[in-house]
Amino acid sequence: MNKVKLGDVITLHRGYDLPSSQRVEGSVPVIGSSGVSGTHNVAKLNGQNVITGRYGTIGEVYYHDGPCWPLNTTLYVEDFHGNNPRYCSYLLEAVLGSIRIDGSDKSTVPGVDRNVLHALSVPFIDDVGEQISVSRLLSALDDKIDLNRRMMAELEEATRLIYDYWFTQFDFPDENGNPYRSSGGKMVYNEALKREIPEGWEDKTLGDYAIPIRDSVLPSTGVRYEHYSIPAYDAELFPSFVDGSDIASNKYRVSSDCLLYSKLNPKFKRLWQPYCLTNKAICSTEFIVMQPKNADLATFCRSVVDSEKFYAYMVGKAVSSTGSRSRVDSDVAFLFCIATPHEMKILNSYCDYVGPIYGQIQQLQIECHELLVLCDRLLPLLMNGQVTIVK
């Protein structure tokens, strides 16, 4: 394993200006420091491309095979000097990762100078065949993570469609297995909901099915907590595991049957069912903690809170405290009105049908986290030659 200057492996070039006003929607992704930020009808690059942010989000590396437009907030690889482009993307990721960890250079300020990066001494595998082997292993892990995320997104969308079909369109299966409303099921007008609902159904609130949990806990030094926070949700949708000394304020105790819904800036939807991988699960007080009154109806409660109507309701009830922050009162959530059947068998059937889908989503998310941890551990070891691939 040799050490060379990064500029001997790749040559970086600044991206190109493209104001939003000059973009023409097309098939070419526009890539900024935070990833794809839109499309355009003209490309600046083609083939295999490696792009990283020089302003804004610094340290993320994006590999894109095909036409694209790198914005002026990025640096892209202009010349791979005969090296495997995918390997170069992982090498650059490892270099920027180590820079972020020790915080000793330009990544701690708003911008990164490509000349500074070119001058960095980096470990380097000069055999292109070995570069390809390393890249294949890491890209296989990345591909599995991407597949899991796509599957989760599709499954989440499926649950929303099923809920809408049953409880908004009222085409739940009738006693003959046919869609109720479309098959001529009787509908009656409900004054509270201002719409027709199936005969025998009634208006209820979320509070009829779930209660708020405000079991406050002050984290203790020397105790490791499973912490559900807004930053953890936004970063990876996975809790952080930290000592109580690193948590500055009181939190809420949570259990696996709870639902967490952010009352901070509700226009950014954050709904989380805790994994509770330990018995020390806590969450930020910026979450509304909801616990189903009947554990058998937890799936129904989750679907209500995940619905478009609930989201619009919460956004509409938010009160701005500053120009960029708004909050919704916790108690307001439980006043949300829903149409529900008298007969429990319809709710139970729904939960039996959708519950396993939610379980699959949760398992995929846990697997994603495990794969990400594996990637983070393998990347520097492979780049430094501490781990090698045996052919």
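The values are calculated or read from the model by the stated rules, or taken from the named source; none is laboratory data. Bear in mind the structure is a predicted one, so any value in this text is a computation, not a measurement. Here the Cβ positions follow ideal geometry from the backbone for every residue, glycine too, while neighbour counts run over all protein chains shown. Only protein heavy atoms, including side chains, enter the accessible area calculation; ligands, DNA and RNA are left aside. Shrake-Rupley method; radii C 1.70, N 1.55, O 1.52, S 1.80 Å.
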How would 50, 390, 223 rank on accessible area, largest to smallest, probe 1.4 Å? 390, 223, 50
Positive minus negative residues near residue 9 (Lys, Arg vs Asp, Glu; Cβ under 12 Å): -1
Inter-label distance for residue 190 and residue 223, nm, one decimal - labels placed 7 Å from Cα along Cα-to-Cβ: 4.2 nm
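Enter the accessible area per residue of the chain (Å², integer; probe 1.4 Å; all protein chains in place).
Counting only protein heavy atoms, the per-residue value for the chain is 50 Å².
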Expressed as a whole number of Å, what is the distance separating the alpha-carbon centroids of the range 114-141 and the range 278-312? 44 Å
Measuring from the lowest to the highest alpha carbon on each principal axis, how far does the range 166-227 reach, largest first, in angstroms? 63, 28, 15
Reachable aspartates and glutamates from residue 263, Cα under 13 Å, same-chain residues fewer than 8 places away excluded? 286, 329, 331
Among 319, 348, 332, whose Cα sits farthest toward the positive end of the charge dipole of the range 301-366 (+1 at Cβ of Lys/Arg, -1 at Cβ of Asp/Glu, about the Cα centre)? 319
Mind checking the full-extension length gain between residue 330 and residue 143? Use 0.36 nm per residue of separation minus the Cα-Cα distance, one decimal, nm. 63.4 nm
Exposed-site-free run, longest, the chain (rule: GluC sites (Glu not before Pro); DSSP loop; at most 12 other C-beta within 10 Å): 26-174
List the trypsin sites (Lys or Arg not before Pro) within the range 115-174 that fall in a DSSP loop (any state other than H, G, I, E or B) and whose Cβ has at most 12 other Cβ atoms within 10 Å. none
Using a Förster radius of 25 Å, what is the FRET efficiency between residue 345 and residue 151 based on their Cβ-Cβ separation? Nearest 0.05, please. 0.25
I'd like to know which of 141, 128, 95 lies farthest towards the positive end of the charge dipole of the range 1-147, counting +1 on Cβ of Lys and Arg and -1 on Cβ of Asp and Glu. 95
Counting only helical runs of four or more DSSP H residues, what would the 222 nm mean residue ellipticity of the chain come to if each run contributes -39,500 (n - 2.57) and the total is spread over all its residues? -11500 deg cm²/dmol
Loop-resident chymotrypsin sites (Phe, Trp or Tyr not before Pro) in the range 255-294 with no more than 16 other Cβ atoms inside 10 Å, DSSP not H/G/I/E/B, are 268
Largest to smallest principal axis extent of the C-alpha atoms in the range 161-308, angstrom: 62, 28, 28
Given Cβ point charges of +1 (Lys, Arg) and -1 (Asp, Glu) and nothing else, what value in debye, to the nearest 20, does the dipole of the chain about its Cα centre take? 820 debye
Antiparallel %, DSSP beta bridges [both residues in the chain], to 5: 90 percent
Rg and Dmax of the range 1-146, Cα atoms, in Å? 15.1, 48
Treat every Asp and Glu Cβ in the range 256-332 as -1 and every Lys and Arg Cβ as +1, leave all other atoms uncharged, and give the resulting dipole magnitude about the Cα centre to the nearest 20 debye. 260 debye
With T = 4 °C, eta = 1.567 mPa s and Kirkwood Rh from C-alpha pairs, the Stokes-Einstein D of the chain in µm²/s is about 53 µm²/s
Around residue 329, what is the net charge, scoring Lys/Arg as +1 and Asp/Glu as -1 over all other residues with Cβ under 12 Å from its Cβ? +2
Carbon-plus-sulfur fraction of the accessible area of the range 18-101, 1.4 Å probe, in percent? 46 percent
